[in-house]
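Inspection log for the structure reproduced underneath, given as C-alpha cells.
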Amino acid sequence: MAWWSEYAVPRLTDATLKGRELGETRARACAGLSGRVLELGFGGGLNLVHLPAEVESIGAVEPSHTAWRISEKRRGRTRVKVERVGLDGQSIAADDSSYDGALCTFTLCTIPDAFTALAEVRRLVRPGGTFHFLEHGLASDPKVARWQQRLDPLQQRFVGGCHLTRDPGTLVEKAGMVLQWLETGDLPGLTGPAALSYGYLGAAQV
C-alpha cells in the first residue's frame with residue numbers, strides 16, 4: 001500500500017481534480033488572497049493559475065514527493081515564488097504570523113489530525129488574515145451521509161487516508177476561526193455519486 005499511496009494516489013488525484021469547471025471553483029477559493037500565502041496540500045500545483053495578482057509567494061506544504069515532482073512544470077510557468085516549507089501540515093517550521101493568508105484545497109480530508117493543522121494555520125497567519133478552503137466532505141442528505149459512513153474505511157485505505165465524513169465548516173469553527181462565508185453542495189466538474197462529490201467552499205478569518 002505504501003507504493004500505491006506515494007506513486008499512484010498523487011497522479012490519480014491530480015488527474016481527477018483538474019478541469020475547467022472545478023478550476024472555476026478553485027479560482028473562487030483563491031479570490032481575496034494576497035501577499036504571502038501558506039498552502040496546505042500543495043499537490044500538483046493546480047491552484048497556481050487561479051491565484052490573484054496580489055499573491056506574492058506561496059509557502060507550500062506537501063508530503064508527497066511524487067506530487068511535488070508533478071507540480072514542477074506548473075511551478076516553472078508561474079510568476080509566484082513557490083517554496084516547499086514542510087511535509088506535514090500538523091507541524092510547520094515557520095515563525096508566528098509569517099503569512100498573510102492560507103489556502104487549503106482537498107486536503108483537510110487526508111490530514112490525520114485536522115485540528116492540529118488548523119491550529120498551525122492560526123499560529124502562522126497574521127491576526128486578521130484569512131483561511132480559504134475548498135474541500136469535499138459530509139453530505140447534508142442523511143441517506144448520502146450513511147453511504148459515506150459505510151464507504152469511509154475503503155476511502156481511507158485506497159485514497160491516501162482520505163475521509164468522506166468530515167465537515168470542514170465545523171472543523172474550521174471549532175478550531176477558533178470565524179467563518180466569513182460558506183457554500184455547500186455537489187462539486188462542479190466531478191461526476192459520480194454524491195457520497196464522493198459533496199463539497200464545501202468558504203473562507204474564515206483567523
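The values are calculated or read from the model by the stated rules, or taken from the named source; none is laboratory data. Fair warning: this is a prediction, and the values are worked out from it, not measured in the lab. Backbone-built Cβ (ideal geometry, glycine too); neighbour counts: all protein chains shown. Please note that ligands, DNA and RNA were not included when accessible areas were found on the heavy atoms of the full protein model with its side chains. Shrake-Rupley method; radii C 1.70, N 1.55, O 1.52, S 1.80 Å.
Descriptive notes on the structure:
- Considering D167, D152, D96, the condition of being out of contact with any Leu (no Cβ under 6 Å at 6 or more places or on another chain) and of a type in the set (D, E) is satisfied by D96 alone.
- You will find that of L182, L138, the residue that is open to solvent by 10 Å² or more (accessible area, probe 1.4 Å) and in a loop (DSSP other than H, G, I, E, B) is L138 and no other.
- Residue check for L171: more than 30 Å from R126 (Cβ to Cβ), open to solvent by less than 70 Å² (accessible area, probe 1.4 Å) and either of a type in the set (V, I, T) or touching a residue at least 40 places away in the same chain (Cβ under 8 Å) (or both): no
- Output for segment 99-135, where each listed residue is under 14 Å from V61 (Cα atoms) and assigned to a loop (DSSP other than H, G, I, E, B): F106, T107, L108, T110, I111
- Taking first residues from segment 22-43 that are under 14 Å from V82 (Cβ atoms) and partners that are basic (K, R) and open to solvent by 20 Å² or more (accessible area, probe 1.4 Å), no Cβ contact under 7 Å between residues at least 6 apart in sequence or on separate chains turns up.
- Filtered by the rule that a residue be open to solvent by less than 50 Å² (accessible area, probe 1.4 Å) and not hydrophobic (A, V, I, L, M, F, W, C), segment 112-126 gives a lone residue, E120.
- Here D186 clears all of (1) closer than 29 Å to V125 by Cβ; (2) more than 15 Å from the chain's Cα centre (by Cα) except the condition numbered (1).
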